[in-house]
Every structure is written in structure tokens, then in C-alpha cells.
Amino acid sequence: MVTIGCLYSWALFTQPLLVAYLWDLRTTTWAYAIANFSVAAVGAVIGGFWQDQAGPRKVAMVGVTLWGLGNVLAGLGTSGLGAPWLYATYGIMGGIGAGMAYITPVAMVTKWFPDRKGLAGGLVAAGFGLGAFIYNLVVPRFSGFHAATLHAGSFLAAKAAATAAGAQIDLRRLTPAQTFAAADIDAVMQVFVVSGTMFLVVGLIAASLFRNPPPGYHVASTKGQVVITTVESYSPSQIIATPQFYLMWLQLFVNVIGGITIISNAVFILTDLTSVSAAAIAPLFGLVSIFNALGRLFWGAVSDRIGCNRTFAAMFAIQAVTLFLLTDVHDLPLALLATSVVLFCCGGGFGTMPSFNAGCFGTKYMGLNYALILTAWGFAALVGPTLVARAKDMTGSFAGVLPLIALLLAGAVILPFLTKKPSRRPPRPEPFQPSVYDSLDTLPSGEFR
């Protein structure tokens, strides 16, 4: 989970890629959006179905392999083949692999700890957020990447100054600090290659240890009593016939919107709000990204005590208020605090939803059932980041989009209270039972002779 969680560090690459290949913000954001969509709407579904059939080990190992190779190939070929290559390797290939690797431990851990599904799911999901935190701290310390980030930020600042003056940027007048050289491009691409290699080594070792609990497995409570779960298991075909599935899908979709919008362009958004340089903000955002991991752990544990419905309602309300306030925040510490709160609640959705799903639909088909709900993440990843990137390209600011997202979150507070546990299993079609009348001849009118 730590290795695939590095996906949430995409904001580190936004400015260097913008300058290296003279892309606009939408072009770079599409790579992140496609990767997230591939994770949640494709890879998680494939992995969920497959792990229900073959167990977690094989699925996780294949997923980590695709994720690692996707990063390596992106680093090797993007300079020559452009954005389509980045989309295909990092976005589609890597994203599908990351989705397969993500769904497997989340589904597996709820089977090992049926009495603490929220806490267990939160701990595992926290690994995903922790990956971004570690990556955000490590990568900016690479001297070549750090220099590339400084040069990209200086170039964009010079370009913005020229635009504000009503002129085109004059490349001949750029200082060395404002020039993005070939060495900078190589340094950025090398990070993809090295990262992918590390993902393969660490991820494959971890995935090789996965297994489901044996048949008949039960957990003893703290009082020594055996805990036996009584939630009836619904198959994937049955859950899509229930309103609870669509309500949970909408809740995850809305909860992801705010966090993933900030994560996709965090450095740009904070620079836009505070006017502090991107080079100064990048390491600070790396520090606050830990709240994405802490939120998964905290809210997952809270849901075991107050219930998933109240937990989601609280996360929606807190994010709505925070994003409304963030629009008028121009002080960097306050902006980082607000960002931390949104990441804390966004991560909490991923820490709580596995328990929510298992509590409603059981754990027998947990892999595919949860994967179907995770498709909400994929669609939110397409809508949120591309929406704010479009707004930035058209208006020059991110601020106008934040109140709209806040309104969406405020309206979603009611959704958890509409989501009740299914009262009974949807009826299955009765098997065909031959009747004595089936052997009798009938008249054309349908009457028996």
C-alpha cells in the first residue's frame, strides 16, 4: 500500500512536466486523472473479481508488477513519445496495476479482523496515504530533481510576470536559474525509473506474504468469547439491485472530490492562494500529506464506535466548512492547515468505506463488492482534477471552484442517514421445478385437454 500510495504525490511532477514539455495544466493533470480512474474503475474491479476466485497473493503480485513497470516505462519513453506514452504507461498500465494491488489487502484484512473492520481497514488504507507522505519527503531531496523544481518554478514565475505585463516571455533573456535544461528533464524522468524499480522490489516481497484466513476462521473477543459475524453476504449481482449500493457510491464520490482536487494540483493551488513559491511549498505539502494517512486510521477507528453513517456525515460537514474558508485564506500556515483538514477527511473515507461495505453486504464477496463502490473514486478523479485545471487555465485562479465543491459536500451530509442496512436479501430466482402439468397437452388457447 505504501508503494502504490506514491500515486498521490503527483503534484511533485506537475510544474517540472509543464516546463519540460511546454504542456498546459490540463495535459499534466490528465495523467493523474487517468491513473486514478484506472486504479478505481478498472484495476480494482479486475482485482476484486480475481481475488475472490484466486486469493489475494497472485492478484497483488501481478498488480504491483504492472504498477512498477508502468513507472519505469513512463520514465524511459515520455521524453521521446510525449503525453500519450505517459498516459498509457503511468496512467493506464500503472493505474490498473495499482488498483489490483489496492483492493486486495483491503478486502483481505476485513476477513482477518471481522470484529474490528473499521480499524483494520483504516490501518491498511493508511499505508496508501503514508506512501505519499514518504515519497513527498524523499523525492525533493534528490539534488537533480530539486534543481529541476527550482528552475521550473522560476520559469513559470517569469512567464506569469510577462503575461501580467501583457507581453510574451522572451526565452533569450532568461537567467540560468529560469532555464529548464536537458539535465533537468533527465532528472525528472529518472525519478520515475528509480521509483518503479523500488516499487517492484518492495511491493513484490510484501505481496508474496498475502493469504486469506482458513475456512471456519473466527476471532476471540477480549473476553475470550468467539466473535461470529452475522452479516449476510450479498453477491455483486445482488448489491447492485439495492439502493444502499448507490448511496454508498455517491458518498465515496463526493468525499473523494475535495481531497483529490487538492492532491492533484496541491502546489499550484497553495501557490495561487498564498503567492509563496512552489519550491518553498513542495516540501511543506509533503509534511501535511501525512494527514491523508492519519485520517484513514482515525476515522476508520471512529466508525467502529459511532457507526459509519455518522462518520461520513461528520467528514462531509468538516470538509464543506473548511473549503468555504480556504477560498479567502492567503496565509501559508492557515492554507496548509485547511489543506490538512481536507486530506484528513478524504483519507477517512477510504478508511471507513471498507467497513461500511462489509457491514451492509458481508465479506464473502468483499473483493468485487468493494471494487464496484471504488469506481466512484475513479469517476471523481476524472471530474475533480480536470475541473480545477480547466478553471485555472481559463480564469488564472483556483479560488472560484472551491466554494462549488464545498456546496456539494454540504449537500451530501444527508446521504449517510439515508443509507440503512439491507433488511433482507434480494430474492433469488427460484430454480425450475417441473410440474405434472408440463407433461400434459394443451390446446392452442392454452387450456388443458
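The values are calculated or read from the model by the stated rules, or taken from the named source; none is laboratory data. A quick note: this is a predicted structure, and the numbers were derived from the prediction, not measured. No Cβ is skipped: glycine too gets one built from the backbone with ideal geometry, and neighbour counts run over all protein chains shown. Surface accessibility is based on the protein's heavy atoms, side chains included, excluding ligands, DNA and RNA. Shrake-Rupley method; radii C 1.70, N 1.55, O 1.52, S 1.80 Å.
The figures follow:
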| quantity | calculated |
| --- | --- |
| Of all residues making up the range 267-308, the number that are touching a Pro at 6+ places or on another chain (Cβ under 8 Å) and surrounded by fewer than 19 Cβ atoms within 10 Å (Cβ to Cβ) | 1 |
| Boolean, Thr163 is of a type in the set (Val, Ile, Thr) and farther than 24 Å from Asp52 by Cβ | yes |
| Filter result for Thr3 (of a type in the set (S, T, N, Q), under 23 Å from Gly144 (Cβ atoms), within 19 Å of the chain's Cα centre (by Cα) and open to solvent by 10 Å² or more (accessible area, probe 1.4 Å)) | yes |
| Every residue from the range 74-104 that is in contact (Cβ under 8 Å) with a residue 60 or more places away in the chain, part of a helix (DSSP H, G or I) and either in contact with a Pro (Cβ under 7 Å, 6 or more places away or on another chain) or surrounded by fewer than 21 Cβ atoms within 10 Å (Cβ to Cβ) (or both) | Leu76, Ser79, Ala83, Thr104 |
| Matching residues, the range 34-53, being under 15 Å from Tyr8 (Cβ atoms) and open to solvent by 50 Å² or more (accessible area, probe 1.4 Å) | Phe37 |
| Qualifying residue in the range 335-349 (condition: open to solvent by 10 Å² or more (accessible area, probe 1.4 Å), out of contact with any helix residue (DSSP H, G or I) (no Cβ under 7 Å at 6 or more places or on another chain), over 14 Å from Arg116 (Cα atoms) and at pLDDT below 90) | no |
| Residues located in the range 16-37, provided they are β-branched (Val, Ile, Thr) and farther than 18 Å from Leu73 by Cα | Val19, Thr27, Thr29 |
| Criterion (of a type in the set (Phe, Trp, Tyr) and either free of Cβ contacts under 8 Å to residues at least 60 places away in the same chain or farther than 22 Å from Ser355 by Cβ (or both)) met by exactly one of Phe324, Phe316, Phe298 | Phe324 |
| Subset of the range 154-205 (residues that are over 30 Å from Gly91 (Cα atoms) and either of a type in the set (Gly, Ala, Ser) or buried (at least 18 other Cβ atoms within 10 Å of the Cβ) (or both)) | Ala158, Ala161, Ala162, Ala164, Ala165, Gly166, Ala167, Ala177 |
| Every residue from the range 13-33 that is in a helix (DSSP H, G or I) and aromatic (Phe, Trp, Tyr) | Phe13, Trp30, Tyr32 |
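Conditions (1) within 23 Å of Ala410 (Cα to Cα); (2) at pLDDT 80 or above; (3) within 18 Å of the chain's Cα centre (by Cα); (4) assigned to a helix (DSSP H, G or I), marked per residue:
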residue	(1), (2), (3), (4)
Gly224	no, no, no, no
Thr230	no, no, no, no
Tyr246	yes, yes, no, yes
Ala282	no, no, no, yes
Arg296	yes, yes, yes, yes
Ala301	no, yes, no, yes
Thr311	yes, yes, no, yes
